[in-house]
1. Treating the beta-carbon of each Lys and Arg as +1 and of each Asp and Glu as -1, no other charges, what is the dipole magnitude of the chain about its Cα centre, to the nearest 20 debye?
2. Take the chain, connect every pair of alpha-carbon atoms lying under 10 Å apart with a spring to form a Gaussian network, then pick out the residue of K27, K42, K101 with the largest mean-square fluctuation.
3. Normalized C-alpha radius of gyration of region 1-65, against 2.2 N^0.38 Å?
4. Starting from the Cα of K42, draw a straight line to each of the lysines and keep only those under 26 Å, dropping any in the same chain fewer than 8 residues away.
5. Given the options G12, G64, G50, state which has the largest fluctuation in a GNM of the chain using a 10 Å cut-off (strictly under) for Cα springs.
6. Connecting C-alpha atoms closer than 10 Å in a GNM of the chain, tell me which of E89, E57, E76 has the biggest fluctuation.
Amino acid sequence: MSQQTKQNLYEGMYIISSTLSDDARQKAFDRIKNGITERGGKIVKVHEQGRRRLAYEIDGHREGHYYLVYFEVTPEAIGELWKEYHLNEDLVRFITLRTDKVLEKLEFKALAEQ
């Protein structure tokens, strides 16, 4: 496998607008997943984290529907995906990081009581 076609493992966090209907939200998330698979990538694991309050308001949004997705794709595809994400008005925020392992289970430590 040449360096050009080598796929890396990425962790993507996507926050989709909470104002969408369940159906529209699913379509918006499918669009994200299809963007990966259409570029020869593979979805490894999806953690749907549900509706949560944002730490701060983003473009008038106070809440969002969170998804954490582990996927494999070539580094070249990431730039193309980002361009697509910026055009997706249902996507409130996204971040993509290269990672070495897939978390099978998400665990959050409780915040210390104030």
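1. On the way: 18 positive and 19 negative charges, 46 e Å.
The dipole magnitude comes to about 220 debye.
2. Comparing K27, K42, K101 in the GNM, the peak value goes to K101.
3. So region 1-65 has a normalised radius of gyration of 1.37.
4. Within reach: K6, K27, K33, K83, K101, K105.
5. Most flexible of the set in this elastic network: G50.
6. E57
Values in this text are rule-based calculations from the coordinates and carry no lab data. As the structure is a computational prediction, the values presented were derived from the model and not from experiment. Reconstructed Cβ throughout: ideal geometry from the backbone, glycine too, with neighbour counts over all protein chains shown.
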